[in-house]
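Peer 1: One structure, as C-alpha cells, below. Some questions next.
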C-alpha cells in the first residue's frame, strides 16, 4: 500500500447504495487509481460492505452508515421515503466523520465524487474543504428527460397511461418525439410512490454549484444530448467515459 506522502490527490467516491449505482463509481475509481499520485476510496454503507464478498482492488473501501446497518433498507420497509430520509441523516453524519478521520490520518480528501441521487453529500464535502463532482449514473438521454421534468417542461404527474391518449413530446436535445412508453418508468407510472420521482429529479439539486458533472456515458454515443446537458448545468463540462 502506498504511503500518504506518495499520493498527492485523494478522491472519495460516494455511490448511492442500491443496485446499478455502486459498480459504475467503483469502475470509475479503478481508472482514477491507475493514475500516478491518485488514491481512491469508495465510501460504502456498512450493510453493503457486510453483504458483499470483498475482492482485491486498487480502490480502498471505507464504511459509512445509512442508519440501517443490520438489515439495509428492509429495516424500514424497503426502498422508499423512510429509507431516503434515514440515509441522508445518517449518511451526512458519518460521511463527515469519515472526512475528518481521513484528514487526521494524514490523507485528507481533496475531491468527493458523489452519486447525484445523494445531493446532500456536496454540503458535507464543502464543509470539509473538498471539491465536489456530481456523478450521473444514467445515460444522457435519460438525464435530459428528468432535467426537463425538473424544469417543468414535462407534465409530472400524471402522464397519460394509455398510449392512444398521449401526444408525442418534443424535448430539446432529443431527436425524436417521446410517447408515454418511451418515458422513464418512475415519471409515467403512478403506481410508484412519489418519493421515487422526487429522488430522480432531485439529482439536479446543486449541479449548478458542483465543480464538475460526470456522466456514465460516451460523448460520441450521445453528442447532441451531451451538449444540451452541459448547457443545462450552467455550461459546466459534462465529462464522459
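The values are calculated or read from the model by the stated rules, or taken from the named source; none is laboratory data. Fair warning: this is a prediction, and the values are worked out from it, not measured in the lab. Virtual Cβ from ideal backbone geometry, glycine too; neighbours counted across all protein chains shown.
Peer 1: Looking only at region 133-143, which residues are surrounded by 22 or more Cβ atoms within 10 Å (Cβ to Cβ) and over 10 Å from the mean Cα position of the chain (by Cα)?
Peer 2: Listed by number, the residues that qualify are 140, 143.
Peer 1: For residues that are out of contact with any helix residue (DSSP H, G or I) (no Cβ under 7 Å at 6 or more places or on another chain) and in a loop (DSSP other than H, G, I, E, B), tally how many sit in region 131-156.
Peer 2: Selection size over region 131-156: 6.
Peer 1: While we're on this one: If I filter region 14-23 for residues that are within 16 Å of residue 111 (Cα to Cα) and assigned to a strand (DSSP E or B), do I get at least one hit?
Peer 2: Of region 14-23, the ones within 16 Å of residue 111 (Cα to Cα) are 14-15.
Still in the list and also assigned to a strand (DSSP E or B): 14.
Within region 14-23, one or more residues are within 16 Å of residue 111 (Cα to Cα) and assigned to a strand (DSSP E or B).
Peer 1: So residue 82 ticks every box in (1) touching a strand residue (DSSP E or B) at 6+ places or on another chain (Cβ under 9 Å); (2) modelled with pLDDT of 95 or more but one. Which box is left unticked?
Peer 2: Status for residue 82: all satisfied but (1).
Peer 1: May I ask you to say which residue of 214, 174 is within 17 Å of residue 118 (Cβ to Cβ) and either surrounded by 17 or more Cβ atoms within 10 Å (Cβ to Cβ) or modelled with pLDDT under 80 (or both)?
Peer 2: On inspection, the qualifying residue turns out to be 214.
Peer 1: Given the structure, is residue 42 in contact (Cβ under 8 Å) with a residue 12 or more places away in the chain, under 15 Å from the mean Cα position of the chain (by Cα) and in a helix (DSSP H, G or I)? I'd like the intermediate steps shown before the answer.
Peer 2: On the way: in contact (Cβ under 8 Å) with a residue 12 or more places away in the chain: yes; under 15 Å from the mean Cα position of the chain (by Cα): yes; in a helix (DSSP H, G or I): no.
No.
Peer 1: Are any residues in region 99-113 surrounded by 15 or more Cβ atoms within 10 Å (Cβ to Cβ), under 23 Å from the mean Cα position of the chain (by Cα) and in a helix (DSSP H, G or I), and if so, which ones?
Peer 2: We begin by selecting, within region 99-113, every residue surrounded by 15 or more Cβ atoms within 10 Å (Cβ to Cβ); these are 99, 102-103, 107-113.
Remaining after also requiring under 23 Å from the mean Cα position of the chain (by Cα): 99, 102, 108-113.
Passing the criteria: 99, 102.
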